[in-house]
Structures are given as C-alpha cells and as structure tokens.
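Engineer: There's a structure below that I have some questions on.
The values are calculated or read from the model by the stated rules, or taken from the named source; none is laboratory data. The model shown is predicted, which means the values in this text are computed figures rather than measured ones. All Cβ positions, glycine included, derive from the backbone under ideal geometry; neighbour counts span all protein chains shown. Quick note on the areas: whole protein, heavy atoms, side chains included, nothing else; ligands and nucleic acids left out. Shrake-Rupley method; radii C 1.70, N 1.55, O 1.52, S 1.80 Å.
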Amino acid sequence: MHESYNAYQAYTPQPPTPMSHGSDTVYGGGDSSQFDTSSQLQQSYNQPSTSFAQPMQNFSTYEQPQHQFEQPQAASPTIPKSTRGRGRPRGTYNRGGGVGRGTTTSTPGRKPGRRPANESGLDDENSLYSIIKSGRLSLQQVVDDWIERYKTERGSALLSLMQFFINASGCKGKITEEMQEEMEHAKVIRKMTEEFDEESGEYPLTMTGQQWKKFKANFCEFVQLLVKQCQYSIIYDQYLMDNVISLLTGLSDSQVRAFRHTATLAAMKLMTALVDVALTVSVNLDNTQRQYEAERQKGRDKRASDRLETLMTKRQELEENMDEIKNMLTYMFKSVFVHRYRDTLPEIRAICMAEIGIWMKKFHNNFLDDSYLKYIGWTLHDKCGEVRLKCLQALQPLYASDELKGKLELFTSKFKDRIVAMTLDKEYDVAVQAVRLVISILKHHRDILSDKDCEHVYELVYSSHRAVAQAAGEFLNERLFVPDEDTQTGQRTRRGKRRLPNTPLIRDLVQFFIESELHEHGAYLVDSLIESNEMMKDWECMTDLLLEEPGAEEEPLDDRQETSLIEIMTCCIRQAATGEPPVGRGPTRKILSAKEIKQVNDDRAKLTEHFIPTLPLLLAKYSADPDKINNLMSIPQYFDLDVYVSSRQEKSLDSLLRIIQDLVERHTDTEVLESCAKTLETLCCENLAIYTRCDVARSTLIDMIVNKFKESLDEYNSLIEGDEEPDEDETFSLVHSLKKVSIFYACHNMGAWRIYELLYECIQKAKDGNKMYPDEAVKYCMSAAFFSILWGLRQLEDMLERGSTTATNTTVAQEVETLKSRNNQFMDTMKEMLLMSPVQLFKEEAYITICDFLILFCSQLGSNPTLVPLVYEPDRSLQQMLNDFIQSYVFIDEEIDPDEHTKIEELHKRRNFLASFCKLVVYNVMPTQVAADVFKHYVRYYNDYGDIIKSTLGKAREINKVNCARTMAASLTMLFRDIHREGVRINRQGEEFISLKELAKRFALSFGLDAVRNREAITALHREGILFAVNPLENAMDPTGPPPNLPFLEILTEFTNKLLKQDKRVVLNYLDRRITAGMPSSRGEDWQPLLMYRNSLVHGETDLPPQTSKRAYGRKRKDAVAADDEGDDDGDENDPDYPQY
C-alpha cells in the first residue's frame, strides 16, 4: 500500500494571466473582451487532485480568460528535482511573461560559434538517442534493455533517460552523475541551456527528411512503450515518474524553443500512455470488484476468507494505483498542458490539442468534461490553421459516438456557432473538417442546428474547392436527401408504372437547385453529390419524371423544374462519362486511375444503353423549347457510339439524325445550333461503323443550309437591285441562314459547296461602305470565311500526311499558292475593317479574326517546308492596330448599367479581347515589348483583368527574362510620362504616383525569391530606369534644378531588394557615372528620389561614401551625353560598367 502522492499535490497552480505580446492575440477572429476570468474558472483551474473532473453546471465554464500566447519566463529557478525517496518537490512554478521566442538568458562565459545540433557531440553510439535515431534495434528491445538496467542501476538508467530527452532536443550538453545527484532540475536545465547552440534554428523535431520523420515517430512510440512496459510496478516506485515528470515540466517551461517543443511532446505522449495504463487498471479494478462481490455473497460455509482478504487487498492496491495515475495526470495537465496549449509556437499548441482529444476519447469518464472541453473550444479561434484543424479532429470521434454525445450538449450549445463559422475557414482542410463535424452534430444533436446554420453549409456545394464542396454534399445527403419509406410506397404514374425510390429525392434536388438561384452552376452541384449519392446516376428515375405523366397523387413538374432537371441530368451524364470535374475543381489535367477508368467505362455503357432509345422521345417532347433542347442535344456527345451497332439500334440513330435536321431547320437559337453541329460532328467520326449513315445525313443537312443561304441571298440582292427595301422576313431569313452557315462551318468542312466567294463578296461590299447587308449578316460572313480558310489549311495538312507523290506535290503546291493568295486578300480586308470601319461590330469581329489567324498561321507552321509560304507575321503597323483596339475597347471605365447581366456579358467580351491579344505575346507571335501597354494597367484594372495580365507576365518571363524586365520598365515609364505632363511638377504624395509605386511593387514581387536566376533581368531593368531618369539631364524649367524625370528613381527603389550585393555596387557606379551623387547643402525635396535610391543601393555597404561635388550634379558635354545615349541603345554589352552574364 502506498502513501498519498504528495509530490503532485504540493503544486499550487495559478490561473492564466493576461499576457502582452505586441498587438497579437491568441485568437484570430475572437473578441477578447467577451472572455472574463470568473470565480467558477478559478475553481476549475485549482480543483483538488482528489476530484479529477468536476462537472460544471453553467456557461461560465467556457468563459475564456483574457490571455495571449504564453512565453515562458527567462528562468525557472524553483523547478523541483525529486530525490530518491518519495521526493516532495521544493517550491512551486512561477509562470509569467518573458522575452522573445526561442532565446535564452545571457550567461557569463558562454562560448560562441558552437556547431549545429545535428553535427554536435551526440556521438555516443550506446546512448538511447543514438540507438533510437539509427533504428538499429527494435524499440521493444531498447525498452526491455533499459528496464533490465533500471532494475540493477536505477540511477544510471534514469540518467540515460534524462540524457535522451536532452539530446532529442538537439542539445549536445551532457548530464553527469554529479549533476544528477547534487543539482536541482532547474540548475540542470540552466546548465544544458548554456550548452545549447542558440544560433542553430533546427532541432530533430523540425528537421526534414525521412530519417528525422522516422525519429519523431520512434520518439513518441518509445515514450509510450516505456510506460506500457513499466505499468505494473516501476511507475509506482516513487522515483522514475517523479524525476521524469519534474524534468519534462521544467524543460516545457524553457525559453529555448527546442527544449519546450520536445518536452511538451514527450509530456503529452507520457500522459497518453498513462491514460492507457489507467484504462487497464480500471478494467482490473472492475473485475476484482465483481469477484469480491461474488465471493462475499456466498454462504459462510462456501466462502473462502483468505481469498476474500486477497481480493480486498488487491482492490485497495488497484484503487491506490488509480489515484496515483490520476494525480500524475492532474499534475502534468496543470503544469504542462494548461500553459503550453497557448504557447507562442503553433506546433506545440497543435500537439496539445491532438493529445487532449485522444484522452477524451479513451478516458472519457475523467476527461470528457466541460472543464477540459473548454480548452478545445477556446482554441477553435487559434490563428494557426493546423491548430484549428487539430481541435476539430479531436472533437470528431467524440461526436461520432452515441455513448459520448450526452456529455457534449453544453459544449455544443456554447461553441456551435463557431464550428459552423469554421466551415468558411480560409484553410480548406479546416473547412472540410468543420463540415464533417457539423454533419456529426446534425446526426446526434439534430435540433440544435438552426435553418440558418444549415444554409451556411448548403452554399458550400458551389465552393471552388472540391473537398469542401463534397463534404457539403454529404451534409445535404444527411439533412435533405433522406429516403422516406412512407412516400415511396404506392406511387405510380398515370399509366400504372411504379415510381422508383429516388423519385422524391430527385424532386428535392431540383427544388434545391432552383432555390439556390445559381442556374449556370449545375455542374458544381452535381460534382458535389455524384460520388456520395447514387440518385445522381439513376437515369431511369430522371427520364421517368420527364416522360411519364404524373399519377393521381402526384404533382406534375412545372416548366422551370423540367428545365432544371434536364440541366442536372446533362451535367451528371457529362461527369459520369468523362470522370472529369467541372472547370476550377481539381487539377487541370487529372490522370484517372485504372479503377476510375473502369468506373467511367461502366457508367458510359449504362447511360448509352438507357438514352439511345429514350433520347429521341425527350427531344421530340421538348423540341420547341431551346433551353431544354440545348442540354438534351449534347447527350450523344458522351455516348459509346459503337453500341448503336452492337445492340442493333440503327432505328434510334435514324430517329436522332432526323430530329437533328428538323431542329436545325426550325430553330435559330445560337446555342441549339452549336449543340446540333457538335453532336453531328461527334457522330460523323470516320472510325465508327455508323459513319456512312451519319455522313449521308450530314450532307443532306448541309445541302439544306447552303441552299437556304443562297436562296435568301439571291432574294435579298434582287430586292436591293430593284430599289426595294427588304422587309423583316427577308432580313431575318438572310441573317439566320448565314448564322447556320457560320456555326456549321466551324465544325464541318463545307468547302465542297464552294461558298467562299459569295461570303467574301458580302464582306467586300461592307468594307467599301455599302450598307446593303445587315451588320449581323456581315459578321457571320466574316466568321464563315475565316473557317473556310482554316479548313483549307486542314485539307493541305491531310494531303501531306497521306503521302508524297508527283501528282500530290503538284496539287499541294497549287493549293498552297491559292490559299496564300486568299489569306493575303482576306487579311488586308480584315485590317482595313479594323482600322476604318465605322461599325463597332465589324471592328470587334475583325479584331478577333486577326488574332486567331495570326496564331494559326504563325512561324510554327514553317516546321513543314511546304507550308512556309503560308506563314503570316504581323508587322509593326498591325501590332499597333491591335494595341490601339484594346486600349480603346478594353481598358475603359465601365458605364453605370442597372442591368447586372448585361454588365457581366460586356466584361466577359472585353476579357476575351484582352486574352486574344495576350495570347499573341505568350505564343511569341508578337514581341514581349508590345505588352508594355497592357502591363501598365495591371494595378488599375486588377479586379477585371488581373489574372490575365499576371499570367501573361509569367509566360513572358519564361520566354525571355531580360526582355520581360525591359517591358516592365517601359510600362512604368509610360505611366510616369502620363503623370508628368508638360510643365506640371510631380506630386510624389499624389494618388497617381502612389499607384505607380504599387505597380512597381507588384512587378518586383513577380520576380520571386531567386535573385541569382533573375540577376541579368533585374540589372537590365535598373539600367533602363536610370537612363530614363537622367534623360534629359537639363531641366528647362529650372537650370539649377534636378533632371525632370528624377522622381522615377523613387519608383526604381522598389526593385533594389532584388539586386545581389555585388550588383548593387555595379548599379551604383553606373548611377554615379550618369549623375553625380553630391548633394547641395540644402538637400532640397526635389533631390530626395536620388538620395533615396542611392541609399537603397548602399544599404549595408560602408566602403562607398557619396562623391562630393560643388554642383548639385555633374553635367556632361552634350555631345558626350548624345554619344552615351547612342551607345546605350545597343545594349548592355557595350557598357563596361555593367555586368555581363
């Protein structure tokens, strides 16, 4: 029988105190004013060890103390060192504020320049640290060997264990036997601190690499295995645990981050191991109690008194052991956890949260209590995402257990709002875990979540992050899409077909989609649910809702519901058949695994089998509705088209082809026509067995389209020639027949119908100012003519691929010449329309056509010698034309438009214009310098075009870093000239100048951190900037004043930190050659940019004093300046003062 554990009861904990650590608070989103240190909280911290977990009866348990991150004191002189006996500690801890993180107190006699921890004298191959680090022995054997040693020489064994914790912190100090015997643990720790290399920021727990990752795992496992192997006797010997806990407690309070981090991890793992021991003792105690009760209830003649006494003695011993373990846990919780859960180091806070979750799950009778849950609740507001994640992960298994949910009611009511808010966390891993936790709360505390709470999570199914959206989809499945057995039974359609089980769920899904009011984002909703809810692939259920007449007890779907269901169904088909998430979800190019490919193939086969006979019925029913037809017509693009032959469904194919022709003839909606053209293109693949049948149908359809176009054009021309005004019907017929020609020409080669000349003639008349044709008709003519040229190029490439014969070569050469002539003629017309046309629609179409043409007929086409004559390179005038267009039609201030939809469409159109221009730079069709006029708008139009310009900057840098840097400089100088108008002095505090500095800062950030790789580019940029700042050198307004462009040097200062140290000297010398650095005694405000720039270049240099001069700056002879400037134009290679790479 053991006496009470006074060593731990001697500890008198102090409540957390307010800490000052700059302006930071421990919680990123919380208001510390709402947390008060109540008397209830004081009692919670100071609860006696005999009452391990006192339940709290009111919300004051969760009132958070007003504290910041805790920093240990500079020293802890009263840390107790237990002696060989029971070892009552002398004194108590003194918690409080301290100095900077990871520093130690100044110690006399400290030797500087020690080696890093991983190179230090931790070279004893027989030490525990070396053995565990090397992994040459199993941890079980290491622990067994240590226990055998402890049984014979416990002092020596304890010393080796203490040394292990010191070495594991990266400290090379050695604890001697004399130190162990004579010194308190506080002095030992102080001595080890003196031996620590404070200049090295790394220690084993933070080092990267497989070896150190394995060491960290072995470190944790060793501590837990040691306690497990010692659980029956050694941990109760009043020596081992006294000393280990005392040492770890002292180290965890150290100002040395490595000590604090390592000791906290060891202490938390030690507590977890003790929890396991407590569970074992608890089981043994319950078994002993049952045996005792069973023996006591026997009759006197059958009762064994000696066994009864033995069981009583065993029970008392187990109870004492349990009390002993609880005392250890209580002491360590109050002396380590309570202080380290708010440590300045996020890794330490994360350790505390991870381990307390384990204790609550395993030893819930003692730890799953509001007095402990409050620490997790408070830390949900932590600034670090990893810490917040650990909190949520700690709570997850608690909510998932039916046994434990009753103990979480008070916690849930107090912190539910915070958990729901964390579903919008900026860290996606945290948001995902928060949604999963809300799902658990929904399952076990369904009534506590309000409708508003649920709506927060509903919206996340449209999140751009796939994991968050799918987690929200699981929430929807749990909250909304729950099968109801009552509604499923007995429902039938009008003709008596039984409704499938998913029918009410799909109705709910459609209603949810409508109420979310995001009808263009159906693909994102589908992606959130398709992997977690099988109704998303229940094709029969969906089509039954659309085709079957509702029964007597059913409500029919209205038009909006039918449209929404068709959109959802089409999105489901697209994702099931391709396995690809929508744009913005997941990687750009996802490589499917073998399992995913099999799933995709199976899904495609099932949907093909179902929709081949069903789709014609759907198309026939909704043939008059463009919105529905547009989605339905895209479905065959995802079929396994071989099934038409293998399952003998040629009749269904004929029905589909007839419907396509009928729809093209009846409809004029652009999206419907494009969908029909693309579907027909998919069906007319030459490798398919159905090709011949589909090709015949295509030829018939194109005949109809072309004939309709020719008839409309002839009729229109006849009316014009007869001086008659075409009415709306004739105009409508011409415009929409040309629309169909343009749309089908984009997908199908209509060259055999020879309509290019007719199209070009219409364009030519419009170019000459003849307004006989409608503007929209001319636009479609331009588009169709462009596609005709592209098909001509495609035909040439096909001829070259098929092989080379004399006849073929002659034909190809003739075709090349014909196409070249047509190209030149067409491009001349497009350039003239872009430059001269008064119709904006013509300008826009000509601009897009020219940009696309230049991409397709760029120099890369010359890789085939036969096609070299077709290469079309833009000259300077064309480059300027395109640049003028985007300056006039893209970078403009938006007009106030009450129609939000129109505003979005206009922005989309302008973004498309800009992307077409930037594409020419990215693909090296036009030089990077042309983009200077685009880059200068980076800051001003960041919200509208920032992503496009940023991407172009990155690609331009990949092409040539130096040219990109010079283009940046050109952009900055352009804006500077705009600010520095003639005769107007620059206001360096003005909004325009500050905006220019912000642009320079953005440009500087785009270079990244690799100064060596960007060395040449940065120096070139500085050179261009200096030349601009000193040219002209003479100030016409003030002969004694600075050069007029001198304020540009302040802009250039933003790039100085990207220069290497040696290059700063070179740039400084170059600056001094251009303008001397001597300042007049007055040092006027006008000269500050030069002083500022020069100071940024000499920062950290002591050997470069400013050169003195009687004048404010040195003036060169005009002819010398002219010669210098002339030489500068040749490049850096002519400048001896500039580095060459």
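Engineer: Could you tell me the center-to-center distance, by alpha carbons, between segment 755-787 and segment 961-1036 in angstrom?
Structural biologist: 45 Å
Engineer: Only Cα pairs under 8 Å and at least 6 apart count here; give the relative contact order of segment 183-327 as a rounded whole percent. Show your work: numbers first, answer last.
Structural biologist: On the way: 84 pairs, mean separation 31.4, N = 145.
Once divided by the residue count of segment 183-327, the mean separation gives 22 percent.
Engineer: Send over a whole-number figure in Å² for the accessible area per residue of segment 611-688, probe 1.4 Å. Write out the running numbers ahead of the final one.
Structural biologist: Numbers: 3380 Å² over 78 residues.
With all protein chains present, segment 611-688 gives 43 Å² per residue.
Engineer: Here's a follow-up. If you roll a 1.4 angstrom probe over the protein chains with everything in place, what fraction of the accessible area of segment 326-385 belongs to carbon and sulfur, to the nearest %?
Structural biologist: Accessible surface attributable to carbon and sulfur in segment 326-385 totals 51 percent.
Engineer: Considering only protein heavy atoms and a 1.4 Å probe, what is the carbon-and-sulfur percentage of the accessible area of segment 657-734? List each step's numbers first, then the result.
Structural biologist: Details: 1730 of 4270 Å².
That fraction is 41 percent.
Engineer: Peptides 126-137, 739-750: what's the order by average Cβ count within 10 Å, highest mean first?
Structural biologist: 739-750, 126-137
Engineer: Let me ask something else. For MET974 and ASN749 in the same chain, what is the full-extension length gain: residue separation times 0.36 nm, less their Cα-Cα distance, in nm?
Structural biologist: Answer, rounded to one decimal: 76.4 nm.
Engineer: List residues of segment 404-439, by number, whose backbone nitrogen lies under 17 Å from a label position 7 Å along Cα→C-beta of ASP451.
Structural biologist: Output list for this probe position: empty.
Engineer: Same structure again: Whole number in Å², please: accessible area per residue of segment 303-373, 1.4 Å probe, ligands, DNA and RNA not counted.
Structural biologist: Per residue, segment 303-373 has an accessible area of 32 Å².
Engineer: By a straight-distance test (C-alpha under 24 Å), which lysines pair with LYS172 as possible cross-link partners, with residues fewer than eight away in the same chain excluded?
Structural biologist: LYS81, LYS111, LYS133, LYS187, LYS191, LYS213, LYS214, LYS216, LYS269
Engineer: Accessible area per residue, 1.4 Å probe, Å², for segment 531-577: what's the number?
Structural biologist: Heavy-atom accessible area per residue stands at 40 Å².
Engineer: Please state the relative contact order of segment 150-200 as a whole percent: Cα pairs under 8 Å, 6+ residues apart?
Structural biologist: Numbers: 30 pairs, mean separation 16.4, N = 51.
Averaging sequence separation for qualifying contacts and normalising by length gives 32 percent for segment 150-200.
Engineer: Is the shape of segment 155-273 best called rounded, prolate or oblate, per the rule: a/c under 1.5 gives rounded, else a/b larger than b/c gives prolate, else oblate, with a ≥ b ≥ c the square roots of the Cα gyration tensor eigenvalues?
Structural biologist: Because a/c hits 1.5 or more and a/b fails to exceed b/c, segment 155-273 counts as oblate.
Engineer: A 25 angstrom limit on the alpha carbon distance is what I want to check against. Which of LYS955/LYS1001; LYS909/LYS936; LYS362/LYS443; LYS383/LYS590 exceed it?
Structural biologist: Beyond 25 Å between Cα atoms: LYS383/LYS590.
Engineer: For segment 121-170 and segment 264-322, what is the separation of their Cα centres, given in Å?
Structural biologist: Comparing the Cα centres of segment 121-170 and segment 264-322, I get a distance of 32 Å.
Engineer: On a C-alpha basis, how far is the centre of segment 374-391 from the centre of segment 525-591 in Å? Whole number, if you could?
Structural biologist: 38 Å
Engineer: Let me ask you something else. Tell me, what is the FRET efficiency for TYR462 and LYS651 to the nearest 0.05, using R0 = 41 angstrom and their Cβ-Cβ distance as r?
Structural biologist: 0.50
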